[in-house]
Amino acid sequence: MEVTVARQYGFCFGVRRAIQIADELSAPLTTYGPLVHNPYEVSRLEGKGVKSSLDIQEIKTPNILVRAHGITPSVMEELKLKGKVIDGTCPLVKKVHGIAQMLDKNGYKILIFGQKSHPETIGTQGYIGNRADVIHNTQEAENFSGDYDKIALISQTTEIIGEFNEVVAILLKKYPHLRVIDTICEPTKENQNAAVELAKESDLVVVVGGKNSSNTRKLMLNCEKITRAVHIESPEELDKLDFSGVKILGLTSGASTPDWLFDKVVIKAKELAK
Ligand code: SF4
């Protein structure tokens with residue numbers, strides 16, 4: 001069995017940046033919510049004295065780090081009352097906040113392709129008084145109605161390109177004047193494209209990431225449209241997999257998976273392949 005690794009995988013630029021800030025700041029530090037959806041990386045940070053809390057009243061440390069997904073302006077104000085806030089919001093998320101504000105100011109009805117409960121979408125909504133409607137799938141796009149002279153669609157930065165395009169096609173039939181601004185970020189697109197290329201060449205793709213990581217699940221969905229794919233969280237889970245008939249094993253990881261964890265999976269997979 002040959003083991004291949006996707007040409008791009010793992011932490012996106014924004015998450016890598018936020019983790020670097022957490023590593024460089026000295027504890028005690030609290031992050032407003034977990035920095036990544038990965039239990040191993042969260043416990044590594046906890047070992048360094050980095051706490052995580054979404055309950056502002058519970059935060060007791062002088063330094064508070066905002067994670068890459070960003071927050072609403074009102075939460076930012078509340079956090080500032082508790083201590084020194086270090087803004088780890090990804091610049092690409094900030095760009096989306098700016099686009100949403102520009103559209104809102106110019107009288108557009110805004111639609112966001114994404115998840116209502118995702119912290120990034122909640123943060124973006126906070127910049128436009130929660131006036132956007134959130135569409136999560138093609139069915140919701142079909143069901144959306146109303147008369148709007150000015151209407152625009154943006155996306156959560158981590159969404160799947162193909163699904164965004166499907167939603168665009170449905171909405172354009174109802175609103176030919178729809179203004180579409182594709183705000184899925186380049187690192188997300190690159191990870192998705194690299195995973196698809198890997199899946200085309202592999203008999204089995206193993207996607208490494210937290211079970212609670214939505215971007216890992218999305219990579220998995222992309223891969224299993226093409227070949228057999230499984231989602232694992234730790235190297236030990238490789239022992240339970242069935243490699244019969246697998247000539248080429250592809251490995252990739254979600255944007256919240258640390259390199260040190262992925263490297264362990266690669267080493268173990270290569271041992272199993274001997
Ligand atoms: Fe930034 Fe993209 Fe990562 Fe979101 S997914 S934090 S926009 S690099």
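Contact order for the chain, expressed relative to its length and based on alpha carbon pairs under 8 Å spaced 6+ residues apart, stands at 23 percent.
Ellipsoid fit via the Cα gyration tensor, segment 10-129: semi-axes of 27, 16, 12 Å, each the root of five times an eigenvalue, largest first.
Across all directions, the average flat footprint of the convex hull enclosing the Cα atoms of segment 86-130 is 3.3 nm². Annotation: Cα Rg of segment 129-192 relative to the compact-globule expectation 2.2 N^0.38 Å equals 1.12.
A Förster radius of 30 Å, combined with the Cβ-Cβ distance separating Lys211 from Lys150, puts the computed FRET efficiency at roughly 0.15. Scanning residues 5 or more positions from Ser155 or on other chains, those with amide H under 5 Å from its amide H are Phe113, Thr183, Ile184, with H placed 1.01 Å from N in the peptide plane. The amide H of Leu29, built 1.01 Å from its N in the peptide plane, has Lys51 as neighbours under 5 Å, considering only residues 5 or more places off or on other chains.
The residues of the chain have, on average, 46 Å² of accessible surface per residue, using a 1.4 Å probe with all protein chains present. One equal scatterer on each Cα of the chain, no solvent, Debye formula: the resulting log10 I(q)/I(0) at q = 0.07 Å⁻¹ is -0.29. Karplus-derived 3J(HN,Hα) values for segment 113-123, using 6.51 cos²θ - 1.76 cosθ + 1.60 with θ = phi - 60°, are 7, x, 9, 3, 8, 6, x, 5, 5, 4, x Hz; glycine and proline are entered as x. Applying the criteria of a DSSP loop state and at most 11 other Cβ atoms within 10 Å to the trypsin sites (Lys or Arg not before Pro) of segment 1-92 yields Lys60.
Fully extended, how many nm does the chain gain between Gln139 and Glu190 (0.36 nm per residue separation, minus their Cα-Cα distance)?
Working: separation 51, 0.36 × 51 = 18.36 nm, distance 2.66 nm.
Answer, rounded to one decimal: 15.7 nm.
For segment 142-267, report the translational diffusion coefficient in µm²/s to the nearest whole number, using Stokes-Einstein at 20 °C, 1.002 mPa s, and a Kirkwood Rh over Cα pairs. Once the numbers are plugged in, D ends up at 132 µm²/s.
Separation of segment 139-204 and segment 80-119, taken as the distance between their Cα centroids, equals 18 angstrom. Calculate the length of the line joining the C-alpha centroid of segment 231-274 to that of segment 6-34, in whole Å. Spelled out, the Cα-based centre of one part sits 23 Å from the other. Of the whole protein surface, Ile181 contributes about 40 Å² of accessible area at a 1.4 Å probe radius.
The values are calculated or read from the model by the stated rules, or taken from the named source; none is laboratory data. Here the structure is a predicted model, which means the values were calculated and not measured. Cβ sites come from the backbone with ideal geometry, for glycine too, and all protein chains shown count toward neighbours. Just so you know, the surface numbers come from the protein's heavy atoms only, side chains and all, with ligands and any DNA or RNA stripped out. Shrake-Rupley method; radii C 1.70, N 1.55, O 1.52, S 1.80 Å.
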